[in-house]
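Student: Have a look at this one before I ask anything.
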Amino acid sequence: MRKKIIAGNWKMNMDLPAGITLAESLLEKLTDVRKCDVIFCPPFPLLNPIYEIIRNSGFGLGAQNLFWEENGAFTGEISAKILLSVGCQYVIIGHSERRKYFSETNKTVNYRIKKALQSGLIPIVCIGETLDERQTDQTEFVIHTQMQQGLHGLSRREIANIIIAYEPVWAIGTGKNATPDQVIDVHQYIRKLLRQWYDDHLSNSIRIQYGGSVNEENAEELLSQPDIDGALIGGASLNENKFEKIVLIGELNS
Ligand code: PGA
């Protein structure tokens, strides 16, 4: 069985004191969590301080992006090597906000995934359709394109290390989550593609999270589905009580 994975994407929220308080109290509340993976993805400057808090806890640390070059004159960018040195094990790649506001394309997503994998970081690869694309029946086409171009040139062995986050753009930050049936349809389509391009074993072993307005109220109906391997959580990950409840639901369904 695939282990559930609950990741909190803090986005551009929290300052250092608030981030420390949140991580410390979650650590205290979630000491008994064993069966499900829990990851914090704070903004870059908070990564190392949060790592210092969670380093012996079993919780993971993820960045929200990386640049694909090794090092050099790239003002404002962060390399995989820097992320590893501050304690990261994961990195979110291709979030729809990066695609929308920062001109991220499937091609740059592909460069970033390759760099993450070569460096030993686990990429959480975000894919998903807009409302317009869903309403015009292009969901599968969009998912197919994002997967084909984003994962281009990756070996079977490399792909086995990624986590996919299906995040329909229309569900992110809107309070309107996708229904379990909608999520399962897309997750099954993703697995079908992986089966076609690689094999059954790979398709069955990759973890696919859902993201988009997951909260403490809808987490049960989503995380109780065997084909939803966890959640990528934005807004609700900033609230210790909500995030705690979602993680406990993930644990119970693991
Ligand atoms: P949300 O964000 O939970 O606030 O909808 C999810 C995400 O962007 O990963």
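The values are calculated or read from the model by the stated rules, or taken from the named source; none is laboratory data. Keep in mind it's a predicted model, so treat the numbers as computed, not measured. Cβ: placed from backbone, ideal geometry, glycine included. Neighbour counts: every protein chain shown.
Student: Hey, any hits in segment 71-83 for a residue that's crowded, with 19+ Cβ neighbours inside 10 Å and of a type outside the set (Gly, Ala, Ser)?
Tutor: Yes: one or more hits.
Student: Restricting segment 49-64 to residues that are surrounded by fewer than 18 Cβ atoms within 10 Å (Cβ to Cβ) and in a loop (DSSP other than H, G, I, E, B), which is farthest from the chain's Cα centre (by Cα)?
Tutor: Result: Asn56.
Student: Can you find, within segment 103-128, the residue that is surrounded by the fewest Cβ atoms within 10 Å (Cβ to Cβ) among those that are away from the ligand (no atom under 14 Å from the Cβ) and more than 15 Å from Ile162 (Cβ to Cβ)?
Tutor: If we take residues in segment 103-128 being away from the ligand (no atom under 14 Å from the Cβ) and more than 15 Å from Ile162 (Cβ to Cβ), then Ser103 is surrounded by the fewest Cβ atoms within 10 Å (Cβ to Cβ).
Student: Which condition number does Arg34 fail, the rest of (1) in contact (Cβ under 8 Å) with a residue 60 or more places away in the chain; (2) within 18 Å of Phe243 (Cβ to Cβ); (3) assigned to a loop (DSSP other than H, G, I, E, B); (4) within 17 Å of the chain's Cα centre (by Cα) being met?
Tutor: (4)
Student: Among the listed residues Thr21, Thr75, which satisfies the condition of being polar (S, T, N, Q) and over 18 Å from Val247 (Cβ atoms)?
Tutor: Residue meeting the stated conditions: Thr75.
Student: Could you grab me the full set of residues in segment 76-99 that are of a type outside the set (Gly, Ala, Ser), free of Cβ contacts under 8 Å to residues at least 24 places away in the same chain and part of a helix (DSSP H, G or I)?
Tutor: Ile82, Arg99
Student: Just one of Ala171, Ala160, Ala80 is aliphatic (A, V, I, L, M) and under 18 Å from Ala7 (Cα atoms); which is it?
Tutor: One residue alone meets the criteria, Ala171.
Student: In segment 145-161, what count of residues is obtained for those that are more than 16 Å from the ligand (Cβ to nearest atom) and crowded, with 16+ Cβ neighbours inside 10 Å?
Tutor: 6
Student: Out of (1) under 29 Å from Asp32 (Cβ atoms); (2) charged (D, E, K, R); (3) crowded, with 16+ Cβ neighbours inside 10 Å, the odd one out for Arg191 is which?
Tutor: (1)
Student: Does Ala73 qualify as being farther than 20 Å from Cys126 by Cβ, modelled with pLDDT of 95 or more, assigned to a helix (DSSP H, G or I) and not aromatic (Phe, Trp, Tyr)?
Tutor: It is false that Ala73 is farther than 20 Å from Cys126 by Cβ, modelled with pLDDT of 95 or more, assigned to a helix (DSSP H, G or I) and not aromatic (Phe, Trp, Tyr).
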